[in-house]
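To start, the structure itself, in structure tokens.
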Amino acid sequence: FGIGLHVGNVMFGNVGLTDRLTFSVFGSAVNEVQRLQTLTKKYPHSVLASKDFAGYCGANNWLTLGHEELAGIKQKLTVLSPDLSGALAPDE
């Protein structure tokens, strides 16, 4: 599995006809997080986050993995992963 974490403005709501209604989200943040999530196949981490998300969390325990050019995004995205080196083992 792979999880991408990002923050930004989105539009959401029901789209379609009465008999084929679906809930969906739209916006550049949605596109960015989807492309970030696909990078979990490239990096050996199942959770990746943007620099914006890490800053929003206010935590300093993130590992910077690199800077990626994403399709349809003008500037490179800084890719981070949570630093779990200080996490407890399941039996502790």
Among (1) among the hydroxyl-bearing types (Ser, Thr, Tyr); (2) in contact (Cβ under 8 Å) with a residue 24 or more places away in the chain; (3) in a strand (DSSP E or B), the one test that Thr22 misses: (2)
Out of Ala59, Ala89, Ala71, sole residue that is under 17 Å from Leu5 (Cβ atoms) and either at pLDDT 90 or above or surrounded by fewer than 17 Cβ atoms within 10 Å (Cβ to Cβ) (or both): Ala59
So Leu77, is it farther than 18 Å from Thr38 by Cα and among the aliphatic types (A, V, I, L, M): no
Residue within the range 40-48 that is closer than 21 Å to Ser28 by Cβ, small (Gly, Ala, Ser) and modelled with pLDDT of 90 or more present: no
Any chance Leu80 is assigned to a loop (DSSP other than H, G, I, E, B), out of contact with any Cys (no Cβ under 9 Å at 6 or more places or on another chain) and surrounded by 17 or more Cβ atoms within 10 Å (Cβ to Cβ): no
Cβ-Cβ under 9 Å pairs, at least 6 apart or on other chains, the range 4-16 side outside any loop (DSSP other than H, G, I, E, B), far side of a type in the set (D, E, K, R): Gly4/Glu32; Gly4/Arg35
Test: residue in the range 26-39 that is aromatic (Phe, Trp, Tyr), part of a loop (DSSP other than H, G, I, E, B) and surrounded by fewer than 17 Cβ atoms within 10 Å (Cβ to Cβ): no
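The values are calculated or read from the model by the stated rules, or taken from the named source; none is laboratory data. Here the structure is a predicted model, which means the values were calculated and not measured. Virtual Cβ from ideal backbone geometry, glycine too; neighbours counted across all protein chains shown.
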